[in-house]
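**Student:** Okay, here's the structure, questions in a sec.
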Amino acid sequence: MTDLFDKIQKNPGPLGMHADESYGYFMFPKLEGEIGNRMKFRGKEKLVWSLNNYLGLANHPEVRKADAEAAALYGLAAPMGARMMSGNTDLHEKLEKELSAFGKKEDTILLNYGYQGMVSAIDALVDRHDVLIYDSESHACIIDGLRLHVGKRFVYPHNDIGNLGKQLERATRLVKDTSGSILVITEGVFGMSGDQGRLADIVALKKKFDFRLFVDDAHGFGTMGKTGAGVPEEQGVIDKVDIYFGTFAKSMALIGAFISSEKRVIKHLRYNSRSQIFAKSLPLPCVAGALKRLELLASQPDLKGSLWKVVHALQKGLKDAGFDIGRTSSPVTPVYLNGTIPEATNLITDLRENFDIFCSVVVYPVVPKGIIMLRLIPTAVHTMEDVAYTISTFDKIQGNLKEGKYKSDKIAVV
Ligand SMILES: Cc1ncc(COP(=O)(O)O)c(C=O)c1O
């Protein structure tokens, strides 16, 4: 027998194994000061490209005012209890109505956290007779939802519609015997690579197969589509996406999330989503704050316009400078470089300490061995100077990488 605590100490997990050397710098870094394009890291101002504050709403004066007023009016405690028991309010229902109208769906359920909400929604929607089919690059919250499913689940290679067709054929054969149903789950915008789920192509498969489509549009809500209603709007298939998930944690710069669909589906989720039934309701200041953000998002297209000006300048500038930004078709901007994990560590240190740029870095096993992915999240509050400085700096660090400068043990901090 092994003591549990001794065992976990010996097996800290793929991220935990780097805890001691990376805490506070590569993992759990602290960005301080007003949320924006420039924040303090270890006491020094950095140009920040790692916050999902797409529309710049985190520090919009009207948002800050609404947040402060709601906190003063309601406090952070209210409402007490889960929605179903004692935590329902007019404001929660108002937000659900407004989200439904904005997304052109019959009804909406608010979620305390998107992650838990997604896990429970998948759990609530399917039983052992049903088949889940999902994209191989799906977010962890989808994967955790799938883990609860006791029936069959089939994966298709990322955005491979031909293969999805094959999985649908397999699933269709299976559910004929069990009288089950098929649910296809994908993302609107894939948060790492920035490419869109091929929703229009998936929807086209409905002509041949019977299934329902569930889209996690965490990064697309507020950033994509003519009105900001997301990737289904962008691809002209709002009415064909059966279940739509959005979070407040990205373009809304808040916390909480929602799922919109037909009335009968939302009713089912209200009474069967365990993470919502058995957890405290979203605090009222978050609900009031979300209403204000939704109002701005819907009434001020300039916010999305400013975001996209920065996105276009950054992505075009990087491409023109010869960088590989992969297949993004959203604000998420990956920059792929070739190098080892130690080189990535030195490169990021150089970028942060000598050039004062703070962005996220992704290495193996999230990307293939030998690839360093720098991930930039442009926002409406970045400037053209930020873009120009970043591209010229990336040029320098790519040069250093090619010259083998980051192979050395320690990078000199100027
Ligand atoms: C694709 C995707 N789905 C779901 C979530 C979870 O949302 P939340 O932060 O509201 O829990 C995230 C957020 O990180 C995400 O990127």
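The values are calculated or read from the model by the stated rules, or taken from the named source; none is laboratory data. Because the structure is a prediction, the values reported are computed rather than measured. Counting neighbours? That spans all protein chains shown, and the Cβs are built from the backbone with ideal geometry, glycine included.
**Student:** Test of understanding: among SER193, SER179, which residue is within 16 Å of the ligand (Cβ to nearest atom), more than 23 Å from SER260 (Cα to Cα) and out of contact with any His (no Cβ under 6 Å at 6 or more places or on another chain)? Show your work before the answer.
**Tutor:** Details: SER179 fails: within 16 Å of the ligand (Cβ to nearest atom).
Matching residue, one of SER193, SER179: SER193.
**Student:** Inspect all residues belonging to the stretch 140-147 and state whether any of them is buried (at least 20 other Cβ atoms within 10 Å of the Cβ) and either over 15 Å from PHE245 (Cβ atoms) or of a type in the set (S, T, N, Q) (or both).
**Tutor:** Taking the stretch 140-147 and keeping what is buried (at least 20 other Cβ atoms within 10 Å of the Cβ), we get 141-142, 145.
In the following step, the residues that additionally are either over 15 Å from PHE245 (Cβ atoms) or of a type in the set (S, T, N, Q) (or both) were identified as none.
No: zero hits.
**Student:** Within the stretch 172-209, track down each residue that is within 24 Å of ASP127 (Cβ to Cβ) and either over 28 Å from the mean Cα position of the chain (by Cα) or among the aromatic types (Phe, Trp, Tyr) (or both).
**Tutor:** Correct list: THR172, ARG173, LEU174, VAL175, LYS176, ASP177, THR178, SER179, GLY180, PHE209.
**Student:** Moving on to the next point. Look at HIS149 and say whether it is farther than 20 Å from ALA253 by Cα and assigned by TED's automatic domain parsing to the domain that holds LYS166. Write out each step before concluding.
**Tutor:** Numbers: farther than 20 Å from ALA253 by Cα: yes; assigned by TED's automatic domain parsing to the domain that holds LYS166: yes.
It is true that HIS149 is farther than 20 Å from ALA253 by Cα and assigned by TED's automatic domain parsing to the domain that holds LYS166.
**Student:** Pairs under 6 Å by beta carbon, first residue modelled with pLDDT of 95 or more in the stretch 231-253, partner within 16 Å of the ligand (Cβ to nearest atom) and of a type in the set (Lys, Arg), six or more apart or different chains?
**Tutor:** Here the result reads MET252/ARG293, each pair linking the stretch 231-253 to a residue that is within 16 Å of the ligand (Cβ to nearest atom) and of a type in the set (Lys, Arg).
**Student:** Can you tell me which residue in the stretch 102-146 is farthest from the ligand (Cβ to nearest atom), limited to those that are within 25 Å of LYS280 (Cβ to Cβ) and not in a helix (DSSP H, G or I)?
**Tutor:** The residue in question is ASP107.
**Student:** Could you check the stretch 1-41 for helices (runs of 4 or more DSSP H) lying wholly inside it with 1 or more residues that are within 24 Å of ASN346 (Cα to Cα)? It would help to see each step written out before you state the result.
**Tutor:** On the way: elements: 4-10, 13-16, 19-22.
Correct list: 13-16, 19-22.
**Student:** Then there is this: Are any of the residues in the stretch 305-326 surrounded by fewer than 18 Cβ atoms within 10 Å (Cβ to Cβ), within 20 Å of the chain's Cα centre (by Cα), in a loop (DSSP other than H, G, I, E, B) and away from the ligand (no atom under 14 Å from the Cβ)?
**Tutor:** Yes, some residue in the stretch 305-326 is surrounded by fewer than 18 Cβ atoms within 10 Å (Cβ to Cβ), within 20 Å of the chain's Cα centre (by Cα), in a loop (DSSP other than H, G, I, E, B) and away from the ligand (no atom under 14 Å from the Cβ).
**Student:** Being within 16 Å of the ligand (Cβ to nearest atom) and out of contact with any Cys (no Cβ under 7 Å at 6 or more places or on another chain) narrows it down to one residue among LEU91, LEU99; which is it?
**Tutor:** Numbers: LEU91 fails: within 16 Å of the ligand (Cβ to nearest atom).
Answer to the selection: LEU99.
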